Amino acid sequence: MSADKSEVLQGTLDMMILKTLHVLGPLHGFGIARRIEQVSEDVLTLNEGTVYTSLLRLQQQGWIESEWGTSENNRRSRFYSITRRGRKQLAVEMENWDRISGVIGRVLALQKQS
Amino acid sequence: MRTFLSKLCALFTRSQSSEEEFETHLALLTERFVAQGMAPEEAAVAARRQFGNAGLHQQNLRDQSRFLLLSHLLRDLRYAVRGMLRNPGFAVAAILTLALGMGANIAVFALMDAVLLRSLPVADPQRLYFVDYAGAAGLGIAPPYPFLQRMQSEAYSLQSVAAYSGQGQLKIRPESSANFETANGSRVSGCYYQVLGLRAALGRLLTAQDELLRPAVAVLSYDYWQTRYAGNPAVLGSSFMLDGTSFTIVGVAPKGYSGLQPGHHDDITIPITSMNLGPHDGDGMLVDHNSPWFQAIGRLASGVSPANARAEINTLFQSYMTEFPVSAEARRDQFHHIELVSAAQGLDNLRKQYARPLQALMAVVALVLLIACANITNLLLARATRREREFAVRIALGAGRRRLLHQLLTETALLFFIGAAASLAVAFAVVRLLMRFFSTGPQPMQLSLHFDGPLLAFALALPLLATLIFGAAPILHVLRTVPHAAIKEGSRMSESSSRMGLGRALIVLQVALSLILLVGASLFLKTLRNLHSVDPGFSPSQIALMQIHLLESTYPESPARLAAWDRILSVVRTTPGVQSAALSAATPFDTSGRHAGFIVPGYRRTSDVDSLINLDHVSEDYFKTLNTPLLRGRNLSASDVDSAPHVALLNQTAARHYFPGRDPIGVEIHINDAAYRIVGIVQDIHQSDLREPATPFIFLPVRQPYDRNFRLTLLVRTTLKPTALAATLTRQIHTVAPDSLITQPITLSEQMDESIVNERLISTLVSIFSVLALMLSAIGLYGVIAYTVARRTPEFAVRLAIGAVPQQVIGSVLMGTLRLLALGLVLGVPASILLARAARSLFYEVTPTDLSAQLIAATLLSAVSLVASVLPAFRISRIDPASALRAE
């Protein structure tokens, strides 16, 4: 059960990062973690470092790219931004999500009626 | 390009930079907690807790990278396999080419290793040396036995030195058996195994004490123990009879050691003093001061250099020669000084015999490999070009070039490694074939070919190298592809002409190499035919041979033996199917050679060698059985017995050489001290070499023996199949002469074939390889023409559309082929002449500049090339100009 949960989380996390970068523009790892914390509340209170594995995966897929820069406390860090392919992927995923949630919604609605 | 490189670098520096990232992240977290009111240390701890285990995260990052690489590799492999299945023709052609080309190389290399390169499996073989006498005539063997004994006691530069007399056939009767059998035996000094530094696999090995023969002991080889005694440890303590003495087996030599001569196995090793036993030809040799008959192998004492050892032993030798002088001529030509010859690889008879042919073979397979590689390159080039559009599209869609490079590399590597695996199978088959060639005949060569470390490394290095060299060209080309230009339909690469040039050059090379091989094959076949048509002086067909040994213990006296031989001859002659039968000490091409001192009254010897003549003892009907005519005088008969006047026959060459202008008939000559009168002259028989002219020969009657005659060969001319007859004859002979051993049944034709095994081997192999080369060239040519036609289809379509006749277009393509062919021939013909000259010692009565071979080869090549070009050229006529142009 927990394995399924982490797979879903993996996929969800990747999507959340993509969406975050799409909406907020280039961010470093810390900034991404803060945004996700806001949005997902208890999903990532501990083990914040796992965001970097997702970031690597997204880079390997070619959906985000990174560049070195300076953070707000004058330290070096990598700044990630979404790529054109990443934007395309995001659009595809959102479409999928809409379709699935629509179907599920209709199924649930059916049950309620009978 | 810069971003590409930077990304490549980034991959390798990732782990370092992640550390920095993590540190920044942790610092920011800590600051946040501090801003929320925590104390700095608390904040740091809380930050760590929130971040999680940094080391674990690093590990996950590494795993993620590795996972990606692996999944990419698997995906590339799947893609490569699918690609191969889609284009099975290409894949099969490529793999077959590789398998045949590399397989042949590996097999010949394994053979070369076994024959030429391998060291003896003994301790520190570099410190072992043979002690040989040497003079103007060259290198000999060991000086006489009394000198060995002197070395053993007085040569301080040698830790120990042993005598080795090998490859004798011992007639033994194991205690468990009632019959005698033969085994390969070697007689050695007691310290033999000590010189070699070997330890027993079972029991113990020989020691100096064993030379006393109290009791007589023997050591078995490991392989003989396994095959003859089934590896039973109870063999220790069992015994066998040899020369009337009981020998006890005390040990087994270590696995992998089979004697000092590569290619021959010493089954049983016994002390050299066993020469003194029994009434046979050996006794007296150990005290003979002047006869060399064995090899001496010594181990250098520690700290002594070979030069110093040689100097010391030479000093001993010079004083020995003063004590036991020989003729001045012998002193100068043979017993002049001592040489130390490295014994690390054992005796070099095998190497001397097979070195040139093996080197020729290696050259041949190298040529075949070159052709194979040229073919592969062409195939790969053609294929890469076909896929240009596919690659261009993928690059345009955003596929990384690095990924494409990986994928192409994987495809090529997969191809080559499948080819390599197949080539190992081919190598096994070729090696088995070669071994079968070598292991026939009376002295079968037993080579142990190991497919071990260095060989496998060689086998793997080849495909790796090939992948890099021949796979690189197409891959590099793809990377230089400009996507837009490629996608545009009907484009022609400007580089295509240079690539076409490479493809064409490769074809020319292939044609030239194939020509060389074909010429070589026809020259070798001609050699073989010439050798077969040499008149050996007798009719070899339908003659069966058998060696008969009379046991010394049963027939110790000469009269008893002569009576036995008589009985044997008469029973054989009455056997149905036997047309004529005779006995002889030696038969043509049996690789034996017996000389004796020959004194002719009135003849001045010109050299020491001139005083020796080849000797054979024959019975009546010997020349009748062989179909060798008598030229003058009378033949030997059954009445030439010991009590009758001693007579002899000479061959033509002997008569001409020793009696120029005189009639030898009636002259009394001396074989050392014995007197014989010449009564007849026979035609020359080639005794040992088809290439060399016959040597002087004297034939003595078997009943007036000069030597002890325990062993003679039976010759039988028969209408039946020789194998069937052998069994019958064996039975018959045993009824009249019990306690006789019959070995090595063979036909005279087979025995003759043995003497030209080199030539037979080389011609077979070169013929096979040249056919292979021809096939490969045809495949290559077909591939290139097909590719040309496919690429130039639009151009041809245009030409056809504006009114050209298909035949004209086909004609122009075929002209292109002919040009390539002509270039290849122009290159190949002079090269083949040069090589033929270099290899002329391998040929027989073949002139290297004889162009008939070149003509045949060129015709064959042209015919095959034209056939290979016809099919793709024919496709031109099927081009529908309209649709082809529409596709533009």
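Counting Cβ atoms of other protein chains within 10 Å of each residue's Cβ and taking the mean over peptide B:22-32 gives 6. Sequentially through the stretch B:269-277, phi angles give Karplus couplings (6.51, -1.76, 1.60; θ = phi - 60°) of 10, 10, x, 5, 5, 5, 4, 6, 7 Hz, Gly and Pro residues having no value and appearing as x. Kirkwood Rh over Cα pairs of chain B into Stokes-Einstein at 20 °C, 1.002 mPa s: D in µm²/s? Taking Rh from Cα pairs, D becomes 63 µm²/s. With θ taken as phi - 60° and the Karplus curve 6.51 cos²θ - 1.76 cosθ + 1.60 applied, the whole-hertz 3J(HN,Hα) list for the stretch B:624-636 is 5, 4, 7, 6, 9, x, 8, 8, 8, x, 10, 7, 6 Hz, x standing for glycine and proline.
Computed from the alpha carbon atoms alone, the convex hull of the stretch A:16-79 holds 88 Å³ per residue.
For the protein assembly as shown, the 222 nm mean residue ellipticity estimated from helices alone, with every DSSP H stretch of n ≥ 4 adding -39500 (n - 2.57) and the total spread over all residues, rounds to -18500 deg cm²/dmol. Sketch the reach of a paramagnetic label on B:Gln149 as a point 7 Å from Cα along Cα-to-Cβ, and name the residues of the stretch B:316-349 whose backbone nitrogen lies under 16 Å away. So the set is B:320-321, B:323-324. Got a sec? Charge dipole of chain B, +1 on Cβ for Lys and Arg, -1 for Asp and Glu; which of B:Val188, B:Ala581, B:Gln407 is way out at the positive end? Going by the charge dipole, the pick is B:Gln407.
With 0.36 nm allotted per residue and the present C-alpha distance subtracted, the B:Phe437-B:His646 stretch has 70.8 nm of extension available. Per-residue mean of foreign Cβ neighbours for A:51-60 is 5 (Cβ atoms of other chains, 10 Å radius).
Legend: mean number of C-beta atoms from other chains within 10 angstrom of residue C-beta atoms, peptide B:64-72, equals 2. Under a crude label model (7 Å from the Cα following the beta-carbon direction), how far is B:Asp673 from B:Arg604 in nanometres? Here the modelled spin labels are 3.0 nm apart.
Shown is the FRET efficiency for B:Ser176 and B:Ala727, computed with R0 = 22 Å from the Cβ-Cβ distance and rounded to the nearest 0.05: 0.35. Of the peptides B:357-363, B:504-510, the ranking by mean beta-carbon count within 10 Å, highest at the top, reads B:504-510, B:357-363. For B:Ser238, nonlocal amide neighbours, meaning residues 5 or more places apart or on other chains whose placed amide H falls under 5 Å from its own, are B:Ile249.
For the pair the stretch B:533-588 and the stretch B:219-251, the centres of their Cα atoms are 32 angstrom apart.
Peptide packing for B:179-190, B:296-307, B:634-645 was compared via the average number of neighbouring C-beta atoms within 10 Å per residue; ordered from the highest value, the list is B:179-190, B:296-307, B:634-645.
If you take all other residues with their beta carbon under 12 Å from the beta carbon of B:Pro144, and give Lys and Arg +1 and Asp and Glu -1, the sum is -1. Among beta bridges identified by DSSP and lying wholly in the stretch B:625-764, the antiparallel ones come to about 65 percent.
In order along the stretch A:17-28, the phi-based Karplus estimate (6.51 cos²θ - 1.76 cosθ + 1.60, θ = phi - 60°) of 3J(HN,Hα) comes to 5, 4, 4, 4, 5, 5, 7, 9, x, x, 9, 9 Hz; Gly and Pro are listed as x.
Taking 0.36 nm per residue of separation and subtracting the current Cα-Cα distance, fully stretching the chain between B:Leu818 and B:His337 would add 166.8 nm.
Equivalent-ellipsoid semi-axes for the protein assembly as shown (Cα gyration tensor, √(5λ), whole Å, largest first): 80, 41, 26.
For the stretch B:228-315, chymotrypsin sites (Phe, Trp or Tyr not before Pro) are listed when DSSP marks them as loop and at most 15 other Cβ atoms sit within 10 Å of their Cβ; the list is B:Trp293.
Hand me the tally of lysine pairs in the protein assembly as shown: alpha carbons under 27 angstrom apart, and the pair either on different chains or 8 or more positions apart. Value for the protein assembly as shown: 10.
FYI, it's all coordinate maths here, none of it is from the lab. Not measured: the values here are computed from a predicted model. Because the Cβ atoms are built from the backbone with ideal geometry, glycine has one as well, and the counts that use them run over all protein chains shown.
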